[in-house]
Amino acid sequence: MPVNAIKPAVSVLGLGMMGSALAAAFLKAGHPVTVWNRSPARTGPLVAQGALPAATPADAAAASPLVVVCLLTNDNVQELLATLSDDLAGRTLVNVTNGTPAQARELAAWAAKHGAKYIDGGIMAVPQMIAGPHAYVFYSGPQQTFDAHRETLSALGGTKYVGTDPGLAALYDLALLTGMYGMVLGVMQAYALVRTEDIPATEFSELLVPWITAMLGGAPRWAEAIDSGRHLTDVSSLAVNHAAFPNFLAAFHDQGVRSDLFEPFQAILDRAMAEGYEADGLSRIADLLRQ
Ligand code: NDP
């Protein structure tokens, strides 16, 4: 019996950079793969690797019990699903398009209404990493549904199932990316600041990288403080940070660097003082950020 015959079939809708990598990974793992993309030209390379092209999204949905959707935005997914109505009945839809927890819950409700099962996914990898040792995907939705497809989905990389609430995969995904964007913005602001004195960013990065790495070592302690609600610190109090922070905004201004990114932090520190959290550590900020 050919290897393909014993592996479950998968349909992949959306063959951008990521969708193409996903389809190629399923093919490489020996799954029969049906592909569809709005611009049909993009199916070519996958068909050359053994995928079957579907003429319409409905044909793609009909071809496999597992239907993976990877489009640019949630709006694109909504638009696509609107054309499918009951074509997904009896199928499992795995949507790995970037979106919000609320959007995932809305899609899960749509799927339930149309007789389909829904798993939401958050991909923690770039296309080149898919199926490699460092790629993983968050999944959320009904445990049984996920378990039924876990092995197939493991063709993409690690599988991290985070719960039955379909919104959780997007929450974990966005939370990790939030940490990343915060780091990126801080790094860019630091580079912008040193470049005002013609210090090469490459030279400064030799100081910056170990500094940020060392500071990140505090993250587990902040996490413990946040979980326990005990924010008192003898390391770096909010009062000390509040006293120093105007110097950052003044230096940005004096050196000709925009301060938009950091002004909100001054407002948070002011609020911390007004609400009596002077002696607390930086971990208190996570509480202050909640509405
Ligand atoms: P691309 O821009 O390469 O591909 C976008 C895909 O969406 C294409 O297949 C495109 O079709 C399709 N599309 C766009 N608009 C519509 C529409 N109105 N109807 C139907 N199809 C549409 O993006 P990626 O593949 O890189 O990203 C896809 C998703 O994966 C995104 O949500 C992204 O955030 C997520 N992701 C991407 C990562 C990455 O590193 N690239 C990492 C982790 C997640 P067409 O070819 O016809 O334009």
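Quick one: in region 28-47, of everything that is hydrophobic (A, V, I, L, M, F, W, C) and farther than 13 Å from Thr152 by Cβ, which residue is surrounded by the most Cβ atoms within 10 Å (Cβ to Cβ)? Show your work before the answer.
Step one: of region 28-47, the residues hydrophobic (A, V, I, L, M, F, W, C) are 29, 33, 35-36, 41, 46-47.
Add one more test, that the residue is farther than 13 Å from Thr152 by Cβ, and what stays is 35-36, 41, 46-47.
On the way: Val35: 32, Trp36: 29, Ala41: 8, Leu46: 23, Val47: 12.
Among them, the one singled out is Val35.
Picking from Ala201, Ala251, which residue would you name as being surrounded by 12 or more Cβ atoms within 10 Å (Cβ to Cβ) and touching a residue at least 40 places away in the same chain (Cβ under 8 Å)? Can you show your working first?
Working: Ala201 fails: touching a residue at least 40 places away in the same chain (Cβ under 8 Å).
Every option except Ala251 fails the conditions.
Determine, yes or no, whether Leu288 is of a type in the set (A, V, I, L, M) and either surrounded by 14 or more Cβ atoms within 10 Å (Cβ to Cβ) or without any contact (Cβ under 8 Å) to a residue 24 or more places away in the chain (or both).
yes
Kindly indicate whether any position in region 163-181 is of a type in the set (Gly, Ala, Ser), touching a Leu at 6+ places or on another chain (Cβ under 9 Å), over 28 Å from Asp234 (Cα atoms) and assigned by TED's automatic domain parsing to the domain that holds Pro65. Reasoning before the result, please.
The initial filter retains those residues of region 163-181 that are of a type in the set (Gly, Ala, Ser), namely 163, 167, 169-170, 175, 179.
From what's left, touching a Leu at 6+ places or on another chain (Cβ under 9 Å): none.
Among the residues of region 163-181, not one is of a type in the set (Gly, Ala, Ser), touching a Leu at 6+ places or on another chain (Cβ under 9 Å), over 28 Å from Asp234 (Cα atoms) and assigned by TED's automatic domain parsing to the domain that holds Pro65, which makes the answer no.
Residues that are more than 15 Å from the chain's Cα centre (by Cα): which strands (runs of 3 or more DSSP E) entirely in region 97-184 hold 2 or more of them? Steps first, answer last, please.
On the way: elements: 117-124, 136-140, 158-161.
Strands (runs of 3 or more DSSP E) meeting the threshold: 117-124.
Considering region 46-76 alone, what residues qualify as being near the ligand (Cβ under 10 Å from one of its atoms), closer than 12 Å to Ser11 by Cβ and not in a loop (DSSP other than H, G, I, E, B)? First the steps, then the outcome.
Going residue by residue through region 46-76, those that are near the ligand (Cβ under 10 Å from one of its atoms) are 57, 69-76.
Imposing the further condition that a residue be closer than 12 Å to Ser11 by Cβ reduces the set to 57, 69-70.
Those that are near the ligand (Cβ under 10 Å from one of its atoms), closer than 12 Å to Ser11 by Cβ and not in a loop (DSSP other than H, G, I, E, B): Pro57, Val69.
Residues in region 81-95: is at least one among the small types (Gly, Ala, Ser), at pLDDT 95 or above and closer than 25 Å to Gly158 by Cα?
no
Quick one: in region 90-100, of everything that is away from the ligand (no atom under 12 Å from the Cβ) and within 14 Å of Pro57 (Cβ to Cβ), which residue is surrounded by the most Cβ atoms within 10 Å (Cβ to Cβ)?
Step one: list which residues in region 90-100 are away from the ligand (no atom under 12 Å from the Cβ), which gives 90-94.
Now restrict to residues that are within 14 Å of Pro57 (Cβ to Cβ): 91, 93.
Numbers: Arg91: 22, Leu93: 27.
Among those residues, the one meeting the criterion is Leu93.
Looking at Gly182, is it farther than 19 Å from Leu66 by Cβ, modelled with pLDDT under 95 and out of contact with any helix residue (DSSP H, G or I) (no Cβ under 9 Å at 6 or more places or on another chain)?
Numbers: farther than 19 Å from Leu66 by Cβ: yes; modelled with pLDDT under 95: no; out of contact with any helix residue (DSSP H, G or I) (no Cβ under 9 Å at 6 or more places or on another chain): yes.
Spelling it out, it is not the case that Gly182 is farther than 19 Å from Leu66 by Cβ, modelled with pLDDT under 95 and out of contact with any helix residue (DSSP H, G or I) (no Cβ under 9 Å at 6 or more places or on another chain).
With the structure loaded, tell me whether Thr43 is assigned to a helix (DSSP H, G or I), assigned by TED's automatic domain parsing to the domain that holds Val12 and farther than 30 Å from Leu177 by Cα or whether it fails that test.
Spelling it out, it is not the case that Thr43 is assigned to a helix (DSSP H, G or I), assigned by TED's automatic domain parsing to the domain that holds Val12 and farther than 30 Å from Leu177 by Cα.
Of all helices (runs of 4 or more DSSP H) completely enclosed by region 213-291, which ones contain at least 3 residues that are touching a helix residue (DSSP H, G or I) at 6+ places or on another chain (Cβ under 7 Å)?
In region 213-291, 238-255, 263-274, 284-288 are the helices (runs of 4 or more DSSP H) which contain 3 or more residues that are touching a helix residue (DSSP H, G or I) at 6+ places or on another chain (Cβ under 7 Å).
Out of Val194, Val209, Val187, I need the residue that is part of a helix (DSSP H, G or I), modelled with pLDDT of 95 or more and assigned by TED's automatic domain parsing to the domain that holds Val257. Which one? Even if it seems obvious, please write down each step before you answer.
Numbers: Val194 fails: assigned by TED's automatic domain parsing to the domain that holds Val257; Val187 fails: assigned by TED's automatic domain parsing to the domain that holds Val257.
Answer to the selection: Val209.
Could you check how many residues of region 77-96 are of a type in the set (Gly, Ala, Ser) and part of a helix (DSSP H, G or I)?
Just the residues of region 77-96 that are of a type in the set (Gly, Ala, Ser), to begin with: 82, 85, 89-90.
In the following step, the residues that additionally are part of a helix (DSSP H, G or I) were identified as 82, 85.
Within region 77-96, residues that are of a type in the set (Gly, Ala, Ser) and part of a helix (DSSP H, G or I) number 2.
The values are calculated or read from the model by the stated rules, or taken from the named source; none is laboratory data. In this text, all values refer to a predicted model and were calculated from it rather than measured experimentally. Note: ideal-geometry Cβ built from the backbone for every residue, glycine included; neighbour counts use all protein chains shown.
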